[in-house]
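Participant: Next up is a structure, given as structure tokens.
No value in this document is a laboratory result; all are computed from the given coordinates. What you see is a predicted model, and the numbers here were worked out from it, not measured in a lab. Neighbour counts are summed over all protein chains in view; Cβ atoms, including those assigned to glycine, are modelled from backbone coordinates with ideal geometry.
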Amino acid sequence: MENNRDRAAALLEKYGNAILRAAYSYLHNMEDAEDILQDTLIQYLKSGSEYNDEEHEKAWLLRVAINLSKNKIKYNKIRGTDELMEGLVSEEKEELSFVWEAVKSLPEKYASVVHLYYQEGCSTADIAGILNKKESTVRSDLKRARDKLKKILKEEYDFG
Amino acid sequence: MTLGKYNELMENIVVTEDMKNRILHNIEIELDGEYSGDGKESNDNVISIDNAIDNKKVRKFDRGIRGRWASYAAAVLVLLLSGVVVRSVIGDSSHSNSSSVMGDASADAAPAQEAMEEAASEEPMDNSWQIDSAEPVAKDSARPKPTYEAEEGAAMAEADYVLSIKIRRAGASDESVDMYESIDVGEVVYSGISELVVKKITDNEIVFTSDGGLIEPNENGSINLNATPPKTFTVKAGEEKVLVTQTTDGSDKITISYNGM
């Protein structure tokens, strides 16, 4: 039987980046995102649940990571360094840093929908399942997020 | 489309080998209580920032252990102090030779015993963002923030929000909290078997519409399943309102607090 370390290593291989990115999209800080990744895996291993398929398993992990990230924001409102932003600035990727700044300025619920839709390629129905919302709400959040982003990028950066 | 660049952005966020080793190391300690990592996974050549993070991660679990020992130490201290109190009272009573004073002293010892048991049963916190209050003020800068800073942060969060929505889903032991720094008409603040949508906002109150299925619980916490659910709910500034879903299989509980605009 696989021990916890082997199981965690397999999960990291399969879902590590997805969980880390979901957490980073909330926390904007690598150290905090790493904490969330670690705690999500611990919760998974402690839960001992079995999943029908990989999609179900991934959805569970993302949901836990998002909930833990929200809690972390609540308890630790001051965020540390945004390594992604620093990297983009140092590499002079101006265009990407504008987009990242704009996404960061979105309300949390819009940012999570944008992340799951664009980065994870989740359908609105999947997102509804992960975030425990109605699909119609997800669709309207996605539309509002796009509108807000367009507005921010056009007004602030003359970029759209 | 600009948002297509979002994926390009996220490609920069990856689990590095160092991160993977740190996490596996910590998970092993957390779940198995021991580290059986092989030599190749020790990071002899990690850069200083990784060392700093690594130390922090290890401390995260150490704090749990320290918290437990701090509780035991507190219990022993209370026991010793109560012993000193009892002895001093007995000592005094030996001069006055009064048995009634001794009786008082033993009565006083009972709460001390309770306090000791309370301290001994205190659970250590294991979340990195929760702060171990039993720990003395941090001596090194790398140590996690002390309690007062966390409380200050929480107080800041309390003061900043206009609307707070706490949702405990049916069967769940924990609840999610959404703090709104601003809110617009039309925003959906709750979505479950029905939706709760902001209809009107003034300085003094906020009005929500619901498409049914939400109701205020009775005073004893029970839910009237036969009542017709209201279509609107009004929460006055400074007031807290609790709504529940009108279901038999446990209910979602939504706690709304409005601070005014």
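Participant: Positive end of the charge dipole of the stretch B:208-257 (Lys, Arg +1 and Asp, Glu -1 on Cβ, about the Cα centre): tell me which of B:Pro217, B:Pro230, B:Ile254 has its Cα farthest that way.
Facilitator: Comparing the listed Cα positions along the dipole, B:Pro230 ranks first.
Participant: Separate question: Using amide H atoms built 1.01 Å from N in the peptide plane, name the residues 5+ places from B:Glu205, or on other chains, whose amide H lies under 5 Å from its own.
Facilitator: The answer is B:Ala237.
Participant: Looking at the square roots a ≥ b ≥ c of the eigenvalues of the Cα gyration tensor of the stretch A:33-160, which shape do they give, rounded for a/c under 1.5, prolate if a/b is larger than b/c, or oblate?
Facilitator: Cα axes put the stretch A:33-160 in the oblate bin.
Participant: Can I ask one more? Give, rounded to the nearest 20 debye, the magnitude of the charge dipole that the stretch A:1-88 has about its Cα centre when Lys and Arg contribute +1 at Cβ and Asp and Glu contribute -1 at Cβ.
Facilitator: About 440 debye.
Participant: Which order do the peptides B:238-245, A:11-18, B:223-230 come out in when sorted by mean C-beta neighbours inside 10 angstrom, highest first? Show your work: numbers first, answer last.
Facilitator: Details: B:238-245: 16.4, A:11-18: 18.5, B:223-230: 11.9.
Output ranking for B:238-245, A:11-18, B:223-230: A:11-18, B:238-245, B:223-230.
Participant: Which ordering of B:Ser191, A:Ser140 is given by a fewest-first count of other beta-carbon atoms within 10 Å?
Facilitator: A:Ser140, B:Ser191
Participant: Quick check on chain A: helices-only [θ] at 222 nm, where DSSP H runs of length 4 and up contribute -39,500 (n - 2.57) each and the sum goes over total residues. Nearest 500, please. Intermediate results must be reported in sequence, preceding the final value.
Facilitator: Details: 8 runs with 121 residues, N = 160.
My calculation for chain A gives -25000 deg cm²/dmol from helical runs alone.
Participant: Here is a follow-up. Only four residue types carry charge here, +1 at the Cβ of Lys and Arg and -1 at the Cβ of Asp and Glu. Report the dipole size of the stretch B:163-218 about the Cα centre in Debye, rounded to the nearest 20.
Facilitator: 180
Participant: Same structure again: Going through the cross-link list B:Lys166/B:Lys236; A:Lys93/A:Lys154; A:Lys154/B:Lys166, which pairs have a Cα-Cα distance over 28 Å in this structure?
Facilitator: With Cα atoms farther than 28 Å apart: A:Lys154/B:Lys166.
Participant: With a 10 Å Cβ neighbour count serving as the proxy for reagent exposure, in which order, fewest first, do A:Thr137, B:Thr248, A:Thr81, B:Thr255 appear?
Facilitator: B:Thr248, A:Thr81, B:Thr255, A:Thr137
Participant: If we count other beta carbons within 10 Å of each Cβ, what is the order of A:His115, A:His56, fewest first? Show your work: numbers first, answer last.
Facilitator: Details: A:His115 24, A:His56 13.
By the 10 Å Cβ count, ascending, the order reads A:His56, A:His115.
Participant: Sticking with this one: About its Cα centre, how strong a charge dipole does the stretch A:91-160 have in debye, to the nearest 20, once Lys and Arg get +1 and Asp and Glu get -1 at the Cβ?
Facilitator: On the way: 13 positive and 14 negative charges, 115 e Å.
Once rounded to the nearest 20, the dipole reads 560 debye.
Participant: What residue among A:Leu131, A:His115, A:His28 has its Cα farthest toward the positive end of the dipole of the stretch A:1-143, where the charges are +1 on Lys, Arg and -1 on Asp, Glu, each on the Cβ?
Facilitator: The one lying farthest along the dipole's positive direction is A:Leu131.
Participant: Once you put a point 7 Å from the Cα of B:Lys241 and another 7 Å from the Cα of A:Lys154, both along the Cβ direction, what distance in nm separates them?
Facilitator: 3.6
Participant: Work from the charge dipole of chain A (Cβ charges, +1 for Lys and Arg, -1 for Asp and Glu, about the Cα centre) and give the residue of A:Leu142, A:Val103, A:Asn52 farthest towards its positive end.
Facilitator: Farthest along the dipole direction, towards plus: A:Leu142.
Participant: Give me the inter-chain shielding for A:137-143: mean count of other chain Cβ atoms within 10 Å, whole number please. The partial results should precede the final answer.
Facilitator: On the way: counts 5, 2, 0, 3, 3, 0, 0.
Other-chain Cβ atoms within 10 Å of each residue's Cβ, averaged: 2.
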